[in-house]
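These notes concern the structure reproduced below.
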Amino acid sequence: MKIPEYATGNSAGVDLRSTIDCVIESGERALIPTGIKIALPENYEAQIRPRSGLALKHGIVIPNTPGTIDADYRGEICVIIMNLGHEKFAVKSGDRIAQMIFAPVVKAEFLEVDSLDEFDKTERGSGGFGSTGIA
């Protein structure tokens, strides 16, 4: 197992590597162990994100992107990867399979109201997908 590292001085995430060899058939998914356990400070999370090169070249994605590692989790970090490509994809031990980003967590405080308009009226209101006229 290799300790995670930043590929360059300005990389936002550290590379996560597989600890196993496996083959993922087209349309299938696999849970890939990384051999890493971390202890995050309170009010921080780690986000597991795909590697863009694997997505572009092979159709390898992380279906629950971003995966969240909570500050109180102490187990091994594993990555769900899915092969959306047309051919099987071989993962070898030591291959970079994902990246991990660290971020602060802001906790929301919830307030029950009868209507959001009474609490905080906005120009957009409840307009959803495409409601701003931008395609």
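Data table
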quantity	calculated
Single unsatisfied condition, H86 versus (1) more than 18 Å from the chain's Cα centre (by Cα); (2) under 18 Å from L31 (Cβ atoms)	(2)
Count of the stretch 6-59 residues which are open to solvent by 90 Å² or more (accessible area, probe 1.4 Å) and over 17 Å from I80 (Cα atoms)	6
G59 in contact with a His (Cβ under 9 Å, 6 or more places away or on another chain) and touching a residue at least 12 places away in the same chain (Cβ under 8 Å)	yes
Long-range neighbours under 9 Å by Cβ, at least six apart or interchain, first residue open to solvent by 80 Å² or more (accessible area, probe 1.4 Å) within the stretch 87-111, second at pLDDT 95 or above and of a type in the set (S, T, Y)	E87/S26; K88/S26; K92/S18; R96/S18; F102/Y44; P104/Y44
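The values are calculated or read from the model by the stated rules, or taken from the named source; none is laboratory data. Since the model is a prediction, treat every value here as computed from it, not as a measurement. Here the Cβ is made from the backbone with ideal geometry for all residues, glycine too, and neighbour counts use every protein chain on show. The protein model used for the area step is the full one, side chains on, heavy atoms only, and it has no ligands, DNA or RNA in it. Shrake-Rupley method; radii C 1.70, N 1.55, O 1.52, S 1.80 Å.
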